[in-house]
Amino acid sequence: MAETKPVLAELKDGTLHLSLNRPERLNAFNEDMHLALREHLSEADGNSNVRALLLTGSGRAFCAGQDLSDRDMRSGGPAPDLGNTLETLYNPLVRQIRSLGKPVICAVNGVAAGAGANIALACDIVVAARSARFIQAFSKIGLVPDSGGTWLLPRLIGEARAKALAMTAEPLDAETAADWGLIWKSVPDEDLLNVASSLANGLSTGPTKGLALTKQLMQDAANQSLDTHLDAERDAQRLAGRTTDYREGVAAFLDKRPARFTGS
Ligand code: LHQ
(Lines give C-alpha, C1' and ligand atoms only; values in the text may rest on other atoms or scores of the structure.)
Protein backbone atom coordinates (compact mmCIF):
# COMPACT_ATOMS: atom_id res chain seq x y z
CA MET A 1 0.00 0.00 0.00
CA ALA A 2 1.34 3.48 -0.86
CA GLU A 3 2.47 5.50 2.14
CA THR A 4 0.12 8.37 3.01
CA LYS A 5 1.71 11.76 2.51
CA PRO A 6 1.52 14.12 5.51
CA VAL A 7 0.90 17.05 3.17
CA LEU A 8 -0.91 16.82 -0.16
CA ALA A 9 0.24 19.24 -2.83
CA GLU A 10 -1.16 20.12 -6.22
CA LEU A 11 -0.26 22.99 -8.52
CA LYS A 12 -3.35 24.18 -10.39
CA ASP A 13 -2.72 27.09 -12.72
CA GLY A 14 -0.59 29.43 -10.60
CA THR A 15 -1.87 28.27 -7.20
CA LEU A 16 -0.18 25.63 -5.10
CA HIS A 17 -2.88 23.83 -3.11
CA LEU A 18 -1.52 22.33 0.12
CA SER A 19 -3.54 20.15 2.45
CA LEU A 20 -2.38 19.03 5.89
CA ASN A 21 -3.09 15.35 5.72
CA ARG A 22 -3.30 13.49 9.03
CA PRO A 23 -7.09 13.57 9.31
CA GLU A 24 -7.28 10.76 11.90
CA ARG A 25 -5.35 13.09 14.27
CA LEU A 26 -7.18 16.22 13.12
CA ASN A 27 -4.02 17.09 11.17
CA ALA A 28 -1.96 17.52 14.35
CA PHE A 29 1.68 18.29 13.59
CA ASN A 30 4.39 15.68 13.89
CA GLU A 31 7.91 16.12 12.60
CA ASP A 32 7.14 14.52 9.23
CA MET A 33 4.30 16.92 8.58
CA HIS A 34 6.48 19.89 9.57
CA LEU A 35 9.28 18.86 7.26
CA ALA A 36 6.95 18.07 4.37
CA LEU A 37 5.19 21.42 4.68
CA ARG A 38 8.45 23.31 4.87
CA GLU A 39 9.76 21.48 1.82
CA HIS A 40 6.66 22.46 -0.18
CA LEU A 41 6.94 26.07 0.95
CA SER A 42 10.62 26.26 0.00
CA GLU A 43 9.93 24.73 -3.38
CA ALA A 44 7.05 27.16 -3.94
CA ASP A 45 9.18 30.15 -3.01
CA GLY A 46 11.72 29.31 -5.70
CA ASN A 47 9.26 28.24 -8.39
CA SER A 48 8.08 31.12 -10.56
CA ASN A 49 5.09 29.03 -11.73
CA VAL A 50 3.70 29.24 -8.19
CA ARG A 51 2.22 32.68 -7.65
CA ALA A 52 -0.13 31.97 -4.72
CA LEU A 53 -0.57 29.25 -2.12
CA LEU A 54 -3.70 27.85 -0.55
CA LEU A 55 -3.35 25.96 2.72
CA THR A 56 -6.15 23.86 4.18
CA GLY A 57 -6.71 20.61 6.10
CA SER A 58 -7.92 17.18 4.99
CA GLY A 59 -11.02 15.84 6.70
CA ARG A 60 -13.09 17.65 9.32
CA ALA A 61 -10.39 19.81 10.95
CA PHE A 62 -7.80 22.33 9.87
CA CYS A 63 -5.17 21.42 12.47
CA ALA A 64 -5.19 20.46 16.17
CA GLY A 65 -1.68 21.83 16.83
CA GLN A 66 1.13 19.66 18.10
CA ASP A 67 0.50 15.90 18.06
CA LEU A 68 0.28 15.34 21.79
CA SER A 69 0.61 11.57 21.42
CA ASP A 70 4.18 12.07 20.14
CA ARG A 71 5.33 12.82 23.67
CA ASP A 72 3.49 10.79 26.30
CA MET A 73 4.04 12.64 29.57
CA ARG A 74 2.35 9.91 31.63
CA SER A 75 5.47 7.78 31.82
CA GLY A 76 7.45 10.32 33.89
CA GLY A 77 11.09 10.84 32.87
CA PRO A 78 12.95 14.11 32.39
CA ALA A 79 11.08 17.24 31.29
CA PRO A 80 11.22 17.70 27.52
CA ASP A 81 12.82 20.76 25.94
CA LEU A 82 9.81 22.23 24.19
CA GLY A 83 11.88 25.32 23.37
CA ASN A 84 13.89 23.09 21.09
CA THR A 85 10.72 21.93 19.34
CA LEU A 86 9.81 25.55 18.68
CA GLU A 87 13.34 26.45 17.61
CA THR A 88 13.65 23.60 15.14
CA LEU A 89 10.09 23.09 13.88
CA TYR A 90 7.42 25.72 14.62
CA ASN A 91 9.49 28.91 14.45
CA PRO A 92 11.09 28.11 11.08
CA LEU A 93 7.63 27.31 9.71
CA VAL A 94 6.11 30.59 10.86
CA ARG A 95 9.14 32.54 9.60
CA GLN A 96 8.85 30.79 6.26
CA ILE A 97 5.17 31.65 5.82
CA ARG A 98 5.77 35.28 6.80
CA SER A 99 8.77 35.74 4.52
CA LEU A 100 7.43 33.82 1.52
CA GLY A 101 7.33 36.20 -1.43
CA LYS A 102 3.86 35.10 -2.55
CA PRO A 103 0.44 35.39 -0.97
CA VAL A 104 -0.49 32.51 1.34
CA ILE A 105 -4.23 31.99 1.76
CA CYS A 106 -5.46 29.79 4.58
CA ALA A 107 -8.84 28.05 4.27
CA VAL A 108 -9.74 26.99 7.80
CA ASN A 109 -12.13 24.11 7.17
CA GLY A 110 -12.73 23.06 10.78
CA VAL A 111 -11.19 23.38 14.19
CA ALA A 112 -7.83 25.18 14.39
CA ALA A 113 -6.35 24.56 17.84
CA GLY A 114 -3.07 25.38 19.56
CA ALA A 115 -0.24 25.93 17.11
CA GLY A 116 -2.73 25.02 14.37
CA ALA A 117 -4.69 28.21 15.10
CA ASN A 118 -1.60 30.39 15.12
CA ILE A 119 -0.15 28.90 11.95
CA ALA A 120 -3.46 29.69 10.24
CA LEU A 121 -3.24 33.26 11.54
CA ALA A 122 0.34 33.60 10.29
CA CYS A 123 -0.97 33.24 6.72
CA ASP A 124 -1.67 36.40 4.74
CA ILE A 125 -5.41 36.01 4.24
CA VAL A 126 -7.53 33.69 6.36
CA VAL A 127 -10.97 32.50 5.28
CA ALA A 128 -12.84 30.17 7.61
CA ALA A 129 -15.84 27.90 7.25
CA ARG A 130 -18.71 29.09 9.44
CA SER A 131 -18.44 25.92 11.56
CA ALA A 132 -14.69 26.36 12.17
CA ARG A 133 -13.44 27.29 15.63
CA PHE A 134 -10.18 28.86 16.75
CA ILE A 135 -8.91 27.53 20.08
CA GLN A 136 -5.86 28.83 21.93
CA ALA A 137 -5.74 25.40 23.57
CA PHE A 138 -2.31 25.86 25.18
CA SER A 139 -3.45 26.83 28.67
CA LYS A 140 -5.36 23.55 28.94
CA ILE A 141 -2.03 21.75 28.96
CA GLY A 142 -0.04 24.32 30.91
CA LEU A 143 1.71 25.92 27.91
CA VAL A 144 1.89 29.39 26.43
CA PRO A 145 0.55 30.27 22.99
CA ASP A 146 3.34 29.75 20.48
CA SER A 147 3.89 29.93 16.72
CA GLY A 148 3.65 33.71 17.01
CA GLY A 149 0.36 33.67 18.93
CA THR A 150 1.34 36.08 21.69
CA TRP A 151 2.70 38.48 19.06
CA LEU A 152 -0.12 38.25 16.51
CA LEU A 153 -3.19 38.02 18.73
CA PRO A 154 -2.82 41.34 20.60
CA ARG A 155 -1.97 43.08 17.34
CA LEU A 156 -4.99 41.66 15.53
CA ILE A 157 -7.66 41.83 18.23
CA GLY A 158 -6.17 43.83 21.12
CA GLU A 159 -4.72 42.76 24.42
CA ALA A 160 -8.02 42.27 26.26
CA ARG A 161 -9.41 39.72 23.82
CA ALA A 162 -6.03 38.13 23.22
CA LYS A 163 -5.41 37.48 26.89
CA ALA A 164 -8.90 36.14 27.50
CA LEU A 165 -8.72 33.75 24.54
CA ALA A 166 -5.31 32.50 25.65
CA MET A 167 -6.08 32.15 29.33
CA THR A 168 -9.52 30.54 28.99
CA ALA A 169 -8.86 28.45 25.85
CA GLU A 170 -12.48 29.22 24.94
CA PRO A 171 -13.28 28.32 21.33
CA LEU A 172 -13.89 31.33 19.10
CA ASP A 173 -16.36 30.78 16.28
CA ALA A 174 -15.47 31.86 12.76
CA GLU A 175 -18.03 34.65 12.52
CA THR A 176 -16.84 36.28 15.72
CA ALA A 177 -13.25 35.83 14.56
CA ALA A 178 -14.15 37.77 11.41
CA ASP A 179 -16.09 40.43 13.36
CA TRP A 180 -13.09 40.94 15.62
CA GLY A 181 -10.68 41.25 12.71
CA LEU A 182 -8.79 38.06 13.56
CA ILE A 183 -9.46 36.70 10.07
CA TRP A 184 -10.57 38.10 6.71
CA LYS A 185 -13.96 36.41 6.48
CA SER A 186 -16.19 33.54 7.45
CA VAL A 187 -18.21 31.83 4.73
CA PRO A 188 -20.80 29.03 4.60
CA ASP A 189 -19.06 25.65 4.95
CA GLU A 190 -20.04 24.49 1.48
CA ASP A 191 -18.55 27.64 -0.11
CA LEU A 192 -15.18 27.58 1.67
CA LEU A 193 -13.04 25.96 -0.98
CA ASN A 194 -14.65 27.88 -3.83
CA VAL A 195 -14.20 31.19 -2.08
CA ALA A 196 -10.62 30.45 -1.02
CA SER A 197 -9.66 29.06 -4.45
CA SER A 198 -11.05 32.04 -6.33
CA LEU A 199 -9.23 34.34 -3.96
CA ALA A 200 -5.97 32.44 -4.48
CA ASN A 201 -6.50 32.21 -8.25
CA GLY A 202 -7.15 35.95 -8.44
CA LEU A 203 -3.93 36.64 -6.56
CA SER A 204 -2.02 34.11 -8.65
CA THR A 205 -2.61 36.33 -11.69
CA GLY A 206 -1.69 39.45 -9.74
CA PRO A 207 1.48 41.54 -9.65
CA THR A 208 3.44 39.02 -7.55
CA LYS A 209 6.40 41.27 -6.75
CA GLY A 210 4.18 44.14 -5.67
CA LEU A 211 2.10 41.79 -3.53
CA ALA A 212 5.24 40.43 -1.87
CA LEU A 213 6.45 43.95 -1.10
CA THR A 214 3.00 44.84 0.29
CA LYS A 215 3.08 41.77 2.53
CA GLN A 216 6.50 42.67 3.90
CA LEU A 217 5.60 46.31 4.51
CA MET A 218 2.44 45.40 6.39
CA GLN A 219 4.33 42.96 8.58
CA ASP A 220 7.21 45.35 9.26
CA ALA A 221 4.86 48.19 10.20
CA ALA A 222 4.33 46.89 13.72
CA ASN A 223 8.02 47.17 14.54
CA GLN A 224 8.96 50.63 13.36
CA SER A 225 8.07 54.30 13.58
CA LEU A 226 6.03 56.04 10.89
CA ASP A 227 9.15 57.95 9.95
CA THR A 228 11.18 54.80 9.33
CA HIS A 229 8.25 53.14 7.66
CA LEU A 230 7.76 55.97 5.18
CA ASP A 231 11.33 55.33 4.06
CA ALA A 232 10.52 51.63 3.69
CA GLU A 233 7.48 52.45 1.54
CA ARG A 234 9.65 54.72 -0.61
CA ASP A 235 12.14 51.91 -1.16
CA ALA A 236 9.43 49.33 -1.88
CA GLN A 237 7.64 51.64 -4.31
CA ARG A 238 10.91 52.22 -6.09
CA LEU A 239 11.21 48.45 -6.61
CA ALA A 240 7.55 48.06 -7.56
CA GLY A 241 7.88 50.88 -10.08
CA ARG A 242 10.64 48.96 -11.83
CA THR A 243 8.54 45.85 -12.42
CA THR A 244 7.07 44.82 -15.74
CA ASP A 245 3.75 44.45 -13.94
CA TYR A 246 3.69 48.16 -13.10
CA ARG A 247 4.16 49.04 -16.78
CA GLU A 248 1.46 46.54 -17.72
CA GLY A 249 -0.94 47.81 -15.03
CA VAL A 250 -0.69 51.41 -16.21
CA ALA A 251 -0.88 50.39 -19.89
CA ALA A 252 -3.98 48.30 -19.21
CA PHE A 253 -5.61 51.18 -17.34
CA LEU A 254 -4.94 53.61 -20.19
CA ASP A 255 -6.09 51.06 -22.81
CA LYS A 256 -9.23 50.32 -20.72
CA ARG A 257 -8.54 46.55 -20.67
CA PRO A 258 -7.79 44.01 -17.92
CA ALA A 259 -4.10 43.84 -16.94
CA ARG A 260 -2.12 40.71 -17.82
CA PHE A 261 0.36 40.49 -14.97
CA THR A 262 3.23 38.06 -15.29
CA GLY A 263 4.70 38.36 -11.82
CA SER A 264 7.87 39.97 -13.15
C1 LHQ B 1 -5.16 14.55 18.60
C2 LHQ B 1 -4.92 15.93 18.79
C3 LHQ B 1 -3.60 16.33 19.09
C4 LHQ B 1 -2.96 14.10 18.98
C5 LHQ B 1 -7.00 15.66 18.40
N6 LHQ B 1 -2.66 15.38 19.17
N7 LHQ B 1 -4.18 13.65 18.69
C8 LHQ B 1 4.40 23.10 20.62
C9 LHQ B 1 5.61 22.54 21.06
C10 LHQ B 1 5.69 21.31 21.68
C11 LHQ B 1 4.78 20.65 22.35
C12 LHQ B 1 3.46 21.01 22.60
O13 LHQ B 1 2.75 21.88 21.78
C14 LHQ B 1 3.11 22.83 20.98
C15 LHQ B 1 2.07 23.62 20.41
C16 LHQ B 1 0.66 23.15 20.55
O17 LHQ B 1 -0.01 23.05 19.57
S18 LHQ B 1 0.04 22.82 22.09
C19 LHQ B 1 -1.66 22.50 21.79
C20 LHQ B 1 -1.88 21.11 21.26
N21 LHQ B 1 -3.25 20.91 20.87
C22 LHQ B 1 -4.24 20.74 21.74
O23 LHQ B 1 -4.09 20.82 22.93
C24 LHQ B 1 -5.58 20.39 21.16
C25 LHQ B 1 -5.95 18.97 21.54
N26 LHQ B 1 -7.20 18.58 20.89
C27 LHQ B 1 -8.40 18.98 21.33
O28 LHQ B 1 -8.54 19.72 22.27
C29 LHQ B 1 -9.58 18.45 20.58
O30 LHQ B 1 -9.21 17.30 19.89
C31 LHQ B 1 -10.15 19.48 19.58
C32 LHQ B 1 -10.83 20.64 20.35
C33 LHQ B 1 -9.08 20.04 18.65
C34 LHQ B 1 -11.22 18.80 18.71
O35 LHQ B 1 -12.16 18.14 19.53
P36 LHQ B 1 -13.18 17.09 18.90
O37 LHQ B 1 -13.76 17.66 17.67
O38 LHQ B 1 -14.08 16.68 19.99
O39 LHQ B 1 -12.26 15.86 18.41
P40 LHQ B 1 -11.54 14.73 19.32
O41 LHQ B 1 -10.96 15.35 20.53
O42 LHQ B 1 -12.47 13.59 19.48
O43 LHQ B 1 -10.31 14.33 18.37
C44 LHQ B 1 -10.44 13.40 17.30
C45 LHQ B 1 -9.22 12.52 17.30
O46 LHQ B 1 -8.08 13.34 17.04
C47 LHQ B 1 -8.98 11.87 18.66
O48 LHQ B 1 -8.39 10.62 18.44
P49 LHQ B 1 -9.25 9.26 18.64
O50 LHQ B 1 -8.25 8.18 18.39
O51 LHQ B 1 -9.79 9.31 20.04
O52 LHQ B 1 -10.33 9.36 17.60
C53 LHQ B 1 -7.97 12.78 19.29
O54 LHQ B 1 -7.18 12.17 20.27
C55 LHQ B 1 -7.13 13.18 18.10
N56 LHQ B 1 -6.46 14.44 18.35
N57 LHQ B 1 -6.08 16.58 18.67
N58 LHQ B 1 -3.27 17.62 19.26
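A few notes on this one:
- Once backbone amide H atoms are built at 1.01 Å from N, L11 has H17 as its partners under 5 Å, excluding neighbours fewer than 5 places away on the same chain.
- The trypsin sites (Lys or Arg not before Pro) found in the stretch 59-115 that occupy coil by DSSP, while having at most 14 further C-beta atoms within 10 Å, are R60, R71.
- Accessible-area composition of the stretch 101-174, carbon plus sulfur, in percent [1.4 Å probe]: 59 percent
- With every protein chain in place, the stretch 208-255: carbon and sulfur % of accessible area (1.4 Å): 57 percent
- Extending 7 Å from Cα along the Cβ direction at A232 and again at R60 yields two label points whose distance is 4.2 nm.
- If the chain linking K12 and A164 were pulled fully straight, counting 0.36 nm for each residue of separation and taking away their Cα-Cα distance, it would gain 50.7 nm.
- HN-Hα J in Hz across the stretch 27-37 - Karplus 6.51, -1.76, 1.60, θ = phi - 60°, x for Gly and Pro: 6, 5, 6, 10, 4, 4, 5, 4, 5, 5, 5
- 3J(HN,Hα) couplings calculated from phi for the stretch 63-77 with the Karplus curve 6.51 cos²θ - 1.76 cosθ + 1.60 (θ = phi - 60°) are, in sequence order, 5, 9, x, 5, 6, 6, 7, 5, 9, 7, 7, 6, 7, x, x Hz; Gly and Pro show x.
- Phi angles of the stretch 177-185 translate, via the Karplus equation with coefficients 6.51, -1.76, 1.60 and θ = phi - 60°, into HN-Hα couplings of 4, 5, 4, 7, x, 6, 9, 6, 7 Hz per residue; Gly and Pro are given as x.
- Under 5 Å from the amide H of A52 lie the amide H atoms of L16, each residue being 5 or more positions distant or on a separate chain, with H modelled from the backbone and absent for Pro and chain starts.
- Cross-link reach list, lysines versus K140, counting only Cα pairs under 21 Å and skipping chain neighbours closer than eight places: K163
- Accessible area (Å², per residue) of the chain, counting only protein heavy atoms and a probe of 1.4 Å: 53 Å²
- For K12, the lysines whose Cα falls under 21 Å of its own Cα, not counting residues fewer than eight places away in the same chain, are K102, K209.
- One chain, two ends: A251 and T150. Fully extended at 0.36 nm per residue, the span grows by 32.0 nm beyond their Cα-Cα distance.
- The GNM of the chain, with springs linking C-alpha atoms under 10 angstrom apart, assigns the highest mean-square fluctuation among R130, R242, R25 to R242.
- Structure remark: mean-square fluctuation, Gaussian network model of the chain, C-alpha springs under 10 Å; the largest value among A200, A79, A122 belongs to A79.
- Inter-part distance where the stretch 185-200 and the stretch 245-264 are each reduced to a Cα centre, Å: 27 Å
- Computed over the chain, the ratio Rg/Rh where both radii use C-alpha atoms and Rh is Kirkwood: 0.99
- Inter-label distance for N194 and L239, nm, one decimal - labels placed 7 Å from Cα along Cα-to-Cβ: 3.7 nm
- Think of each Lys and Arg Cβ as +1 and each Asp and Glu Cβ as -1; about the Cα centre, that makes the dipole of the stretch 7-204 roughly 300 debye.
- For the chain, built as a Gaussian network whose Cα springs stay under 10 Å, the top-fluctuating residue of N91, N47, N21: N47
- In this structure, T262 and S99 have a Cβ-Cβ separation that, at R0 = 25 Å, corresponds to a calculated FRET efficiency of about 0.65.
- Alpha carbon centroid spacing (whole Å) that separates the stretch 74-134 from the stretch 2-34: 14 Å
- Size of electric dipole in the stretch 208-255: Cβ of Lys, Arg +1 and of Asp, Glu -1, about Cα centre, debye, nearest 20: 140 debye
- For the residues E24, E248, a 1.4 Å probe over the protein chains yields an accessible-area ranking, largest first, of E24, E248.
- Amide hydrogen proximity for A28: with H placed 1.01 Å from N in the peptide plane, the residues at 5 or more positions away or on another chain lying under 5 Å are A64.
The values are calculated or read from the model by the stated rules, or taken from the named source; none is laboratory data. Predicted, not measured: the structure shown is a model, and the values here were computed from it. Glycine also receives a Cβ, built like all others from the backbone with ideal geometry; neighbour counts cover every protein chain displayed. The protein model used for the area step is the full one, side chains on, heavy atoms only, and it has no ligands, DNA or RNA in it. Shrake-Rupley method; radii C 1.70, N 1.55, O 1.52, S 1.80 Å.
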